[in-house]
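Note sheet for the following structure.
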Amino acid sequence: MKKTLIDYIKRPKYDELYTPEIVVYPLLKYLPKGKIYWECTDFGGSNITKVLTKEGFKVRTSGLLKDGFDFLTDEPSFEFDIIITNPPYSLKNHFLKKCYEYKKPFALLLPLTALEGIERGKMFRKYGIQVLVLDKRISFLKHKNSPWFAVAWFCWRLLPRELVFESLKAVSGNPVQTEISPKKSASLRKYLS
């Protein structure tokens with residue numbers, strides 16, 4: 001398992017772990033409708049954007065590959081209420097810092113180990129953090145069905161309390177399925193508790 005992780009991380013684009021649709025659904029019940037959500041790392045194919053749009057949320061998107069917008073250095077010329085994204089994990093400290101600077105609610109999908117770390121710990125103590133913990137690991141790779149790390153939604157001013165646990169139910173008998181057909185996706189909510 002460790003060799004697989006090390007081999008994958010050594011590849012040049014190890015930060016490209018795209019969000020499976022199934023991981024977005026547990027967060028939906030905590031997201032207020034009528035707000036503008038900004039998916040700031042969407043190059044045009046984000047499953048976060050797809051799910052939110054499908055569920056009736058208004059979403060603005062931007063990203064380096066889509067429109068050249070750099071979340072960490074550029075200022076948006078549009079209105080938004082809440083930031084939601086799966087940032088590059090190697091830049092998680094920078095994304096957290098920038099989100100806190102905006103002083104708006106946010107939800108970042110990060111490895112659960114993002115709770116660790118001196119710099120993040122200082123930010124969490126200063127501003128607070130809410131974490132939505134999932135009960136299963138999610139595979140981000142199409143060819144790999146054994147996920148090697150757990151992820152959680154790191155939120156600010158969105159959840160009812162600091163620590164929330166949500167369950168991912170099996171979809172067609174596969175608890176870590178990442179490829180969900182549109183037909184299954186539309187009815188996914190009945191599988192979530």
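The values are calculated or read from the model by the stated rules, or taken from the named source; none is laboratory data. Keep in mind that what you see is a predicted model, and the values were worked out from it rather than measured. When we count neighbours, we look across all protein chains shown, and the Cβ atoms used for this are built from the backbone with ideal geometry, even at glycine.
ILE36 meets the conditions (1) closer than 20 Å to LEU132 by Cβ; (2) aliphatic (A, V, I, L, M); (3) modelled with pLDDT of 95 or more in every case but one. The failed one is (1). Just one of the listed residues (LYS13, LYS3) is outside any helix (DSSP H, G or I), surrounded by fewer than 21 Cβ atoms within 10 Å (Cβ to Cβ), basic (Lys, Arg) and modelled with pLDDT under 95, namely LYS13.
Which of the residues that make up the stretch 120-168 are surrounded by fewer than 20 Cβ atoms within 10 Å (Cβ to Cβ), in contact with a helix residue (DSSP H, G or I) (Cβ under 7 Å, 6 or more places away or on another chain), of a type in the set (Phe, Trp, Tyr) and modelled with pLDDT of 95 or more? Result: TYR127, single match. The set of residues in the stretch 39-71 being small (Gly, Ala, Ser), surrounded by fewer than 20 Cβ atoms within 10 Å (Cβ to Cβ) and at pLDDT below 95 consists of GLY44, GLY45, GLY63, GLY68. Inside the stretch 50-78, can you point out the residues that are within 18 Å of ALA107 (Cβ to Cβ), of a type in the set (D, E, K, R) and part of a loop (DSSP other than H, G, I, E, B)? Scanning the stretch 50-78 gives a single hit, GLU55.
Here LYS97 does not fit the description of being in a helix (DSSP H, G or I), among the charged types (D, E, K, R), touching a Phe, Trp or Tyr at 6+ places or on another chain (Cβ under 9 Å) and farther than 27 Å from SER167 by Cα.
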